[in-house]
Structure formats: structure tokens, C-alpha cells
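Below is one structure, written out as C-alpha cells, with a few remarks after it.
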Amino acid sequence: MHNFLQLEIRVFFHFLFTILILTNHSFAQNFNFSEDYLKSNLEFLADDLLEGREAASRGEQLASLFIASELKKYDVKPFGDNGTYFQNFKLNTIGFSKASTVDLFVDNKKTITDFLGENFIIPNRSKIDTAKLNKSYKMVFAGYGLVIPEYNINDYETIDVKDKVIVILSGENLRKNPRFEGVDFPKGFESRNQKIQNALENGAAGIVMIASERIEKYWDYYSSNADAASYRLPDSTSERKNSIPEIIITEKLAIELFDNEKLNLTQIMKLISENKDFTKFELSKNIKFNFVLKDSTVIARNVVGIVEGNSPELKHEIVSLGAHYDHIGTRNGEVYNGADDNASGTVTMLEVIRAIAEKRGNNRSIMVVFHSAEEKGLLGAKYFTENFENISDVVVNINIDMVGRESSDSLHCIGSDKLSTELDKIVRHANQQSSEFILDYSFNDPNDPQRLYYRSDHVHYARKNIPIVFFYDNMQEDYHRSSDDAHEINFEKILKVCSLVYQIASDVANFEHRLIVDKKYE
């Protein structure tokens with residue numbers, strides 16, 4: 001009897017769900033999205049005159065004014081600070097000048113001086129313990145710098161690294177070793193952050209890490225960004241203060257580093273490829289970090305508008321649409337226009353909110369947030385979710401970040417089932433009734449090595465247990481390159497994304513009940 005009752009309830013709600021979806025479908029499809037609007041808006045945002053829209057820059061301010069003027073044109077209500085479309089916030093910037101150098105010494109004689117961006121970069125741009133700079137340190141080769149107590153693995157066991165700089169390899173060599181076949185290693189044991197923690201716990205004064213193949217592959221990009229500042233919210237708890245100096249070096253510099261040492265780099269890599277043990281040892285060379293710090297405080301801004309709901313009972317609840325509108329600015333005189341990343345998402349959300357404002361068929365309110373400083377660590381979304389007083393009323397966040405490239409028929413869908421099974425059903429059904437994309441869920445895998453679920457603005461909503469869905473095109477060839485320009489954009493695809501996002505927003509805004517959250521953020 002109990003099971004029969006449950007079945008009846010499920011059938012009943014499925015019937016209501018289907019009727020609602022079909023009703024909203026006709027509502028959604030009555031709007032003609034404009035390719036001309038999409039093109040003109042994107043061509044402006046991705047123009048060289050906006051200088052790459054870097055967070056807190058003049059170019060980003062121009063972009064924010066343009067977005068606000070479009071929202072006003074569409075009769076979308078301002079929902080930022082003091083009756084404006086803008087939510088301004090401070091960012092602290094910390095970086096290093098390209099005058100920064102690393103010196104290597106043999107018998108107190110300088111043998112090599114390398115400038116920032118040539119053969120080394122500084123990955124940690126939070127505050128460095130300046131007392132550890134401009135001093136000569138002994139160096140110790142510590143293998144991969146791994147510590148896994150439960151398997152008696154400790155690369156520090158036979159060496160003394162206290163007040164010395166460790167030299168370590170990127171990644172790990174355990175999973176390819178037959179001795180550890182089938183071993184379930186702890187998550188993140190080989191990560192850079194864990195290696196830093198291991199070094200700190202063993203008293204190291206600094207870290208030299210040999211670049212991974214991926215970093216070597218994109219060294220030109222990392223080199224051109226070597227003096228770019230790190231951005232932090234003033235109250236950021238994630239910032240590591242007084243951290244030890246840390247650099248990542250190229251294979252070229254690593255070869256010179258191990259020249260005339262107990263083992264050279266070729267010998268070390270050969271032992272690794274043969275799954276043989278290798279000695280950890282103190283090097284004959286000393287190292288000095290000569291970092292030239294630069295810091296400042298700047299102002300960035302989110303752009304926020306809202307179309308209020310029609311239902312007195314439901315209008316306090318909010319469907320949130322989001323896209324970041326910042327990019328990475330200029331590098332070595334070249335403008336990085338970010339046409340796909342993320343002018344494509346920005347113009348999509350402008351077109352969706354234009355449609356919503358014209359139709360005004362939403363019972364719940366629909367808010368659009370154009371986040372700043374996504375490229376600096378998702379900081380605009382973090383600030384918004386921490387400071388928006390109505391955050392508990394947000395029922396969903398629909399985020400788009402890069403949707404204007406690759407096939408017109410497919411789109412990556414991430415996170416729709418992470419917190420709400422109900423949202424995932426809505427997304428799938430909305431897609432069937434609107435754009436009919438082939439939705440690719442491969443990045444939904446908890447073991448996704450790129451961890452894309454955690455790498456765009458929606459994650460700050462998810463952390464508050466707000467259901468999210470993230471759409472993404474996985475464009476690689478021009479990612480964070482100056483070639484990401486407007487003429488490469490697939491507007492046919494963007495039009496289809498508009499229809500999909502509009503359909504989902506309409507469905508949730510008019511859904512009988514608030515989305516059920518049946519899972520927790522992990």
C-alpha cells in the first residue's frame with residue numbers, strides 16, 4: 001500500500017511537471033532572439049578599445065557602463081548599490097616586478113641570474129615572508145616532495161631540509177609503479193598545495209618546483225603573465241600570509257641546476273621511468289630569491305539587474321542568471337579580447353534578460369548578475385554571494401562561461417544534478433523543448449582532472465546549497481590567447497543557448513514549488 005501511494009504521488013507530480021513545462025514552452029518560443037543584437041553587443045565588448053576588460057581596469061569600467069545602459073534600455077530594474085546597476089567592491093593586488101631575479105651560486109660565486117618570466121615564474125602571489133628574500137640558501141633535492149603516512153611514503157625521511165630550499169618534481173610517480181598497483185591514494189596527495197604543506201611542516205625555507213609538461217607546453221603564456229598581479233578580497237581567508245618563496249622553473253633551468261651534482265636531471269628521469277628508487281641529496285649550489293614586490297588596492301564592480309516577479313507569494317524568490325564579463329586585459333602590447341571568454345556569455349545573458357523583461361511572464365523574480373574578477377579567482381561571485389542580503393531567496397543559479405565556439409549542436413552541461421535532482425530534470429526537458437543540444441555531461445565526473453565544476457562563478461552559489469547549472473563550450477585553441485576574437489564566434493550556437501537558458505529560467509520562475517535541494521555541496 002505504501003509503495004502504491006508513492007507511485008501515485010510520483011505520477012501526479014510528473015503530470016504537473018509536464019503540464020508546466022509544455023505551458024512554459026509555448027511562452028518561451030514566442031520570443032525571437034536577435035542575432036544582430038548579439039553581434040553588435042559582442043563586437044563592442046570584444047573590441048580592442050576595451051583593452052581586454054581586465055578586472056578593475058578602465059576597459060572593464062567601460063564594459064560595465066555599456067551593460068548597464070543595455071539593461072536600462074530593456075527596462076530591467078537596477079539591483080546594485082544605492083539604486084544603481086553597480087555593486088562596487090575593493091580588491092587588494094599583489095604581484096612581482098619582472099626585475100625580480102633568482103641567483104644560483106657555487107662556492108659563493110654567482111653562476112646564473114635568471115629574470116622573472118624567462119626560466120622561472122612565481123606561482124604564489126599572496127604575501128611572501130620578506131625576511132626570507134635576498135638571502136643565500138642551501139638546496140636539497142627532495143624527489144616529488146610526497147608524504148603519505150598511511151603507506152609509509154615520506155620523501156623527507158632521509159634528508160634535512162630545515163631552513164633550506166627544496167627542489168622537487170611536479171606531480172607523482174607512484175601510480176605508474178607496479179608496486180602500488182591498485183592502491184587507493186588519498187585525494188590530492190600530489191597537488192602543489194599539499195607539497196607546499198609538506199615543505200612547511202618539514203621547515204623548508206623555500207621551494208623550487210620543476211615545471212610539469214602542461215606548464216612547459218604553455219610556458220609562453222605563463223611567461224607573459226609572470227608579472228601579473230594576484231587579486232584578493234580584503235577579508236579573504238584563503239590568502240596564505242607570510243608564505244615561503246616558491247618558484248616553478250623550466251626544464252632548461254633544471255638541467256643547469258643539476259649540472260655537476262650527484263645525479264643530473266637526465267639520470268633522475270631515467271631512474272623514474274624505470275621505476276627505480278633514487279637518492280635524495282643536498283646540492284652543491286646555493287640559491288637566492290630577489291623578488292621585487294608590488295601591491296595596490298583597486299575597485300571592481302558587478303553589474304546587477306532584476307525583473308520582478310508577478311506573483312505576490314513568489315516574487316521574493318529569485319532565479320539568478322550569471323556570466324562574468326571581465327577578461328585578462330593586455331599582455332606585451334597585445335589585447336586579449338576574450339570574445340568567447342566571456343563576451344559570449346555576457347551577450348547571451350543580455351539577450352535572455354531582454355526577452356524576460358519584454359515578456360514579463362515570470363512569477364518569481366529573475367535577476368541577472370554580470371560578475372567581475374572571475375579571471376582573478378571568482379572574486380566577483382564570491383563578493384556577491386557573501387554580501388547580497390537576499391541570498392537565501394535565490395532558488396537557482398544558471399551560469400554561462402564560454403558558449404560561442406565549437407559545434408552548434410553540442411554543449412557541456414555541468415553541475416545540474418549536484419544539488420537538485422529536480423533541476424537536472426528541468427534542464428534536460430527544457431533542452432528537449434528548446435535547443436535540442438547534445439548535452440555533454442563528461443565534466444560532471446567527480447574525478448574530472450580539470451575540476452570545472454569548481455572553476456566558474458556558480459561554485460559560490462553552490463557552496464550556499466543553491467542549485468546550479470553551468471554551460472560551457474570547452475574551446476581550447478584560443479583559450480586565454482589574443483586570438484580569441486569576435487570573428488571566431490558561432491552566433492548560431494549562441495542563439496540556441498539563449499533559447500535554452502530562457503526556457504530553464506522561465507520553467508523555474510513559474511514552477512509550482514521552490515526547487516527541492518536533495519543533495520549537499522561537496
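All of the numbers you see were taken from the coordinates with simple rules; none came from a lab. Remember, it's a predicted structure, so these values are computed and weren't measured experimentally. A quick note on method: Cβ atoms are made from the backbone with ideal geometry, for glycine too, and the neighbour counts reach across all protein chains shown.
Relative to the longest principal axis of the Cα atoms of the chain, the long axis of helix 345-359 makes an angle of roughly 20 degrees. Label-to-label distance, T130 versus T113, with points set 7 angstrom from Cα along the beta-carbon direction: 2.2 nm. With a simple spin-label model that places each label point 7 Å from the Cα along the Cα-to-Cβ direction, the separation between T84 and T279 comes to 6.6 nm.
Roughly what % antiparallel, to the nearest 5, for the DSSP beta bridges in the chain? Spell out each step's value before the answer.
Details: 47 of 81 bridges.
Bridges in the chain that DSSP calls antiparallel: roughly 60 percent.
Structural descriptor for region 98-291: relative contact order 38 percent, calculated from alpha carbon pairs under 8 angstrom and at least 6 residues apart. In a fully extended conformation the segment linking D103 and Q267 would gain 56.6 nm over its present Cα-Cα distance, using 0.36 nm per residue. In region 98-291, the DSSP beta bridges split such that about 60 percent are antiparallel, to the nearest 5. Ordering C498, C413 from the fewest to the most neighbouring beta carbons within 10 Å gives C413, C498.
Per residue, the average separation of C-alpha pairs within less than 8 Å and at least 6 apart gives region 60-161 a relative contact order of 12 percent. Just one of [x] 4, 19, 29, 25, 15, 6, 1, 0; [y] 3, 14, 22, 23, 18, 10, 5, 2, 1, 0, 0, 0; [z] 4, 17, 25, 22, 16, 11, 4, 1, 0 is P(r) over Cα pairs in 10 Å bins from 0, in percent as worked out from the coordinates here. Which one is it? Checking each listed value against the structure points to [z]. Lysines within cross-link reach of K294: Cα-Cα under 23 Å, excluding same-chain residues under 8 positions apart? Partners found: K90, K98, K127, K132, K135, K241, K376.
Between S40 and H480, 0.36 nm times their residue separation minus their Cα-Cα distance comes to what? Intermediate results must be reported in sequence, preceding the final value.
Values: separation 440, 0.36 × 440 = 158.40 nm, distance 2.22 nm.
Working it through step by step, the gained length comes to 156.2 nm.
Here r is the Cβ-Cβ distance between S296 and Q432 and R0 is 45 Å; the resulting FRET efficiency, rounded to 0.05, is 0.35. Rounded to whole Å, the principal axis extents of the Cα atoms in region 98-291 read 45, 44, 33, largest first. Specify the angular offset, from 0 to 90 degrees and rounded to the nearest 10, of the alpha carbon long axis of helix 491-509 from the longest principal axis of the alpha carbons in the chain. In the chain, helix 491-509 runs at an angle near 70 degrees to the longest axis. Considering only alpha-carbon pairs that sit under 8 angstrom and 6 or more positions apart, the relative contact order computed for region 185-296 is 25 percent.
For a paramagnetic label modelled on E492 (point 7 Å from Cα along Cα→Cβ), amide N atoms under 19 Å away belong, within region 423-442, to 434-440. Across region 481-522, Cα-Cα distances exceeding 12 Å account for 73% of all pairs. The angle separating the long axis of helix 58-73 from the principal Cα axis of greatest extent in the chain is about 10 degrees. For K520, a cut-off of 17 angstrom between C-alpha atoms picks up these aspartates and glutamates, skipping any fewer than 8 places away in its own chain: D417, E422, D424, D445. Projecting label points 7 angstrom from Cα along Cα→Cβ for E522 and Q450 puts them 2.2 nm apart.
If the segment from K72 to T421 were pulled out straight at 0.36 nm per residue, it would be longer than the present Cα-Cα gap by 122.1 nm. Checking the a/c ratio against 1.5 first, then a/b against b/c, what shape does the Cα gyration tensor give for region 32-101? Oblate.
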